[in-house]
Amino acid sequence: MIYQRCIECGKTYEDDEIVYRCECNGLLEIVYDFDKIEVDKEKFKNRVFSVWRYFELLPIKNREKIISLKEGGTPLYRCRNLEEELGVKELYVKNEGANPTGSFKDRGMTVGVSKANELNIKVVGCASTGNTSASLAAYSARAKMKCLVLLPKGKVALGKLAQAMIYGAKVVEIDGNFDKALDMVNELAKEGLIYLLNSINPFRLEGQKTIGYEIADELNWEVPDRVIVPVGNAGNISAIWKGFKEFYELGFINELPKMTGIQAEGAKPIVEAFKKGKREIEPYENPETIATAIRIGKPVNAKKALNAIYESNGYAESVSDEEIIKAQKLLARKEGIFVEPASASSIAGLIKLLDEGVIDRSERIVCITTGHGLKDPDAAIRACEETIKVKSLDELKKLLSS
Ligand SMILES: *Cc1c(COP(=O)(O)O)cnc(C)c1O
Ligand SMILES: [Zn+2]
C-alpha cells in the first residue's frame, strides 16, 4: 500500500527496503494508494495540530514506533506590518523555528527516525550544515540510537553545533564543505554502516510535506497563491509541493500554490538552471554565503525541486547576503520574528520579486522561515549596531532624552 518509486524510471521498491536511490540513480519518492486510505479533513481537524495529525498519510505503520518531540503545528503569522511596509495584500510567515530543535528538519526527523525505528536500525548518520545534525542528534537520542554527524569544519553556526554536541551525537568535522561531507556519509550508507538521514531519504521528506498540509489546514483549505521557500539541498521545497499535491489529489483543496525557491547568490545552481529553462544543474564547487543552511553547491534534490517549480508555474531567484541580512532585521523589527539568515532569504526573495514585478501585490503569499534566529547568534550580532555603553545614571538619562 505504501512503496518507494523512482521519479525517473518509475521502478518501485518496497517501503521496508533500504535504498537511497534507484538503480538508474534516480531519486525516490514515497507513494500511497489513496483509494485504500480512509481520511477526511474533518477527522484531521479534531486532532492535535502537529505532524502526526496526518498519520494516515505518513509512511509509518505502527504508532508505537513513533519517535516524537511534538514537532510541527508551527504558527502561521499574518504579517500586517510587513504588508504595509511592502504594499502587499496578504502576507503570512510560517515560522518553522518554533519546532523542538528550532528548524523544519524536526518534521523530517520524526518520520525518518520513526522509520529507522520500525526497521530496527541502531546507527544513524548525516552530513549537515548544522540543523540536520541538531535535529537528528535529538531524535536519535530519544530513539536510543547511535548518531554520527559530519560537519564542515569551522562553518557551522554556534547554536547548531552546541545542539549536536549536547544531544550526544558523535560530532565529526571535516576539511571541506557540506557537499564533500555528504559524499562521505553516502559512502558509509552504501556500505550499510549507517542509516542515512539526509534529505535523499524519501521518508524524511514525507515529514516535511506536512508544512504544505498545515498551511492548507490553517487557511481553511484555501491555499495561498504563492509559497516562498529558502532552498539549499532542495528537499524542503519538493516536500512542501508534494504535500499540496496530495491534498489536491484527495480533494481537500481545489487549487495549488506557485512554489517559489530562493537561493543565495553565492550558491544558486537551481536558480541558474531555472533561468535557462533546464532540469539539470551545474554544481558550484565553492558555494559561499552568510546563510550557512543554504550554503550548498550540489543540491541532491535539485531535480525534484525544479519539477516542483515548473509544475506549479513558480519561480526561482537569488538574493545577496546584504539583502538577506536586511530582510532578517526587517522581519525581526516589524513583526517580532527572529529567524536565522537562511530563513530570511524567503523574505528577501519576496522583496526582490515584488520589485521585479514577478510577484503581484494582490497575491496571497506565505513565506517559510525555516530556522530560529538563535541558531546563529554571531550573524545577528554582526548585523546590528553595537550596544550602547553608559557609565552613569546621568548618562543614561541623557540618552533617553536624545
Ligand atoms: C535545511 C535548511 C534549509 C534548506 O532546506 P533544503 O531542504 O536543504 O533545501 C533552509 N533553511 C534552514 C534554516 C535549514 O535548516
Ligand atoms: Zn529509476
Fraction of accessible area attributable to carbon and sulfur, region 6-147 (%, probe 1.4 Å): 42 percent
Rounded to whole Hz, the Karplus (6.51, -1.76, 1.60) HN-Hα couplings of region 150-159, x for glycine and proline: 10, 10, x, 4, x, 10, 9, 4, 4, x
J(HN,Hα) series, region 216-225, from Karplus relation 6.51 cos²θ - 1.76 cosθ + 1.60, nearest Hz, glycine and proline x: 4, 4, 5, 8, 6, 6, 10, 6, x, 6
Amide proton proximity set for Ser318, modelled H, under 5 Å, gap of 5+: Gln263
Charge tally in the Cβ shell below 12 Å around Met184, where Lys, Arg are +1 and Asp, Glu are -1, Met184 excluded: -4
Modelled FRET efficiency - R0 22 Å, Ala162 with Glu386, Cβ distances, 0.05 increments: 0.35
Distant-in-sequence amide H partners of Ile174 (H built 1.01 Å from N, under 5 Å): Leu151, Lys153
Packing-based order for 3-10, 268-275, 161-168, using average beta carbon neighbours within 10 Å, highest first: 268-275, 161-168, 3-10
Calculated Rg and Dmax of region 76-156 using C-alpha coordinates, Å: 17.1, 52
For the chain: accessible area per residue (Å², 1.4 Å): 43 Å²
Between region 262-286 and region 345-402, the alpha-carbon center distance in angstrom: 27 Å
Folded to 0 to 90 degrees: helix 321-335 orientation relative to the chain principal axis, Cα: 80 degrees
Calculated from backbone phi, Karplus (6.51, -1.76, 1.60) coupling profile of region 303-308 in Hz, x at Gly/Pro: 4, 5, 5, 5, 4, 4
For the chain, convex hull volume per residue from C-alpha positions, Å³: 152 Å³
Probe 1.4 Å, all protein chains present, accessible-area order of Asp179, Asp321, largest first: Asp321, Asp179
In degrees, nearest ten, helix 235-249 long axis to first principal axis of the chain (Cα): 60 degrees
Given charges at beta-carbon only (K, R positive; D, E negative), |dipole| of the chain in Debye: 940 debye
Sorted peptide list for 232-238, 190-196, criterion being average Cβ within 10 angstrom, highest first: 232-238, 190-196
Estimated [θ] at 222 nm from DSSP helical runs (n ≥ 4, -39500 (n - 2.57)) normalised by residues in the chain, nearest 500: -11500 deg cm²/dmol
Residues whose placed amide H lies under 5 Å from that of Leu256, excluding near-sequence neighbours: none
Nearest-ten-degree value, helix 105-118 long axis tilted from longest Cα axis of the chain: 20 degrees
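The values are calculated or read from the model by the stated rules, or taken from the named source; none is laboratory data. All figures in this text were calculated on a predicted structure; none of them were measured in a lab. Ideal geometry is used to build each Cβ from the backbone, glycine not excepted, and the neighbour counts take in all protein chains shown. When the accessible area is computed, the model is the full protein with side chains, heavy atoms only, and any ligands, DNA or RNA have been set aside. Shrake-Rupley method; radii C 1.70, N 1.55, O 1.52, S 1.80 Å.
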